[in-house]
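K.L.:
First, the structure itself, so that you have it in front of you.
The values are calculated or read from the model by the stated rules, or taken from the named source; none is laboratory data. Since the model is a prediction, treat every value here as computed from it, not as a measurement. Positions of Cβ are generated from backbone atoms using ideal geometry, with glycine treated the same way; all protein chains shown enter the neighbour counts. In case anyone asks, the SASA skips ligands and DNA or RNA and just uses the protein heavy atoms, side chains included. Shrake-Rupley method; radii C 1.70, N 1.55, O 1.52, S 1.80 Å.
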Amino acid sequence: MSRDQCIPPSPYVATDGSTSPGSPDSASISFDGLKKRDSTATTVTETTLPLSDVSFVTDSSEADRLCDLYSDESDEGFLKFRINYLIVHIAIMLADGLQGTHLYVLYEGYNFNVATLYATGFAAGALASPFMGPMVDRVGRRTSAIIYCVLEILINSLEQYECLTGLILSRVIGGITTNLLFTVFESWLVTEYRKKGFEEEKLEIILRDSVISSNISAIASGFFAHQLALYFGPVGPFEGAVFFTFVALLLVSTQWTENYGSSTDEVKTASKYMSEAFSTIVKSRNIAKIGLIQGLTEGCLMTFVFLWSPALSNFSSKLTTNPDSSFIGLDLNGEPAYGLIFGAFMACGALGGFLEPQVRSFLHRILFRPSSEIVETPQVENVSNETSLSDTPSFVNHCDTSQSDISSLGDDSKPIVEMLASICYFIQSLLISVPYFMRDSDIAFHVTLGAFLMYEFLIGVYMPCEGVIRSVYMPNDSICSLMTMLRVIVNVAVALFVYSTNFIA
């Protein structure tokens, strides 16, 4: 932090550059490189200081002392804010991971139609998706986060009882909370961070920590789910999800402050979200193609989440030798170790995301001349602080962490990203078909498990590529409404695909 940036803001600053009534004489001083932002403005403002406070600029030792003092206070506040958010984020991610490991096994044990219940959640998510943005902007992010936690506790409590009405209700509410999960918490973070006036550059630190902690939490949730299932049965992971969600609820309700993300009263309606998206898609064939491609890949992933459990369960029952815990992927009862396998999936996805820049650089060296050098280009910093839910980027997604990397590769970056995504799509289509071709083999379980792990690894590789492609072709001012419409289409498609498994042998 430079000395100029350490000058504390004066309580006598007025919006017109004058001093407030009753303040001492003051002088207006502008500093090069000083970017002082408030929560509603995006322009660089002048800093007006009392004359009595200007003298320290010429006193080097005093300036350094005040600089260090101001820096320490700022760092302490940033560290507290960072830890506060990450604890909530980790608790939420652990709870979300726990309830996804044994869902199929639990419903199957209740002797209910698993596909129908699963499809109900996606159908509810499709209907609720267009309304989530306007609703959150109206009631506030903190209130919405509290609503999310309360609903999640209700869902995971209902899942523990063999009651069809309760399970249907939990699936419908689950479709709503899924939309809240991917909008509320990040939106609150970005808006609250800027409202507190922390350095814009440090926001990347929290966003990076969020991605890392999400991956670690997903991996850890698989291990926790496995242990809880051993002691409490299939309902154990859901009991753990209730505990972690309750921890997040306590922190949000006691430590977070309310924010709405916008200083204006304008709130987009659901119809406006969808009309903007439809208009943009109609005008651009490239956006329509991207929506179709990414909708298919996301739909395939969601369908895979439903099918991997029964596929591995079916193959484990066909093992010719007596299965025991020495078999990779099996528990003591000879059943798939769902929690550990889920954790392995998440680890493979995290590894793929970590290695994606290296894979992309490898392709770049192969396809382009070795003499081509990586030239770093300056990044244009978006300092907009008037952030509403409709224009808040999804930072937890891997795509945002890779966008700056890809821009540094110059004009060759776009074909590299598109080629890497295409290669991933092709290989994934082969891997996902392995269960069909291995269905009569004695080693079907192990080969299929290996194919699924590789599939998850490639998901980690192509997700950053999809984010970069979106940033290239989709306009920033309507990307949220576009993704909202795509999410509706994907959820409807997945609901139909999953429900169709009732009629496919």
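K.L.:
Ordering 202, 318, 283 by accessible area with a probe of 1.4 Å, largest first, what comes out?
P.N.:
In descending accessible area the options line up as 283, 318, 202.
K.L.:
What distance in nm separates the two pseudo spin-label positions at residue 284 and residue 366, each 7 Å out from Cα along the beta-carbon direction?
P.N.:
The answer from the label model is 3.0 nm.
K.L.:
Run the simple label-point estimate for residue 127 and residue 243 please: 7 Å along Cα→C-beta, distance reported in nm.
P.N.:
It is 3.5 nm.
K.L.:
Next question. Whose amide H sits under 5 Å from the amide H of residue 183, counting only residues 5 or more places off or on another chain, with H placed in the peptide plane?
P.N.:
HN-HN under 5 Å from residue 183: empty list.
K.L.:
Sticking with this one: With bins 10 Å wide starting at 0, give me the P(r) of segment 109-198 over every alpha carbon pair, in whole percents.
P.N.:
Final binned percentages: 17, 42, 26, 12, 3, 0.
K.L.:
Taking H as built 1.01 Å from N, whose amide H comes closer than 5 Å to the amide H of residue 330, not counting residues under 5 places away?
P.N.:
Sorted by chain and number, the residues that satisfy this are 337.
K.L.:
Compute the distance in nm between two label points, each set 7 Å from the Cα along the Cα-to-Cβ direction, one at residue 161 and one at residue 257.
P.N.:
4.1 nm
K.L.:
Starting from the Cα coordinates of segment 198-252, work out the convex hull volume and express it per residue in Å³.
P.N.:
Values: hull volume 3.8 nm³, N = 55.
With only Cα atoms used, segment 198-252 gives 69 Å³ per residue.
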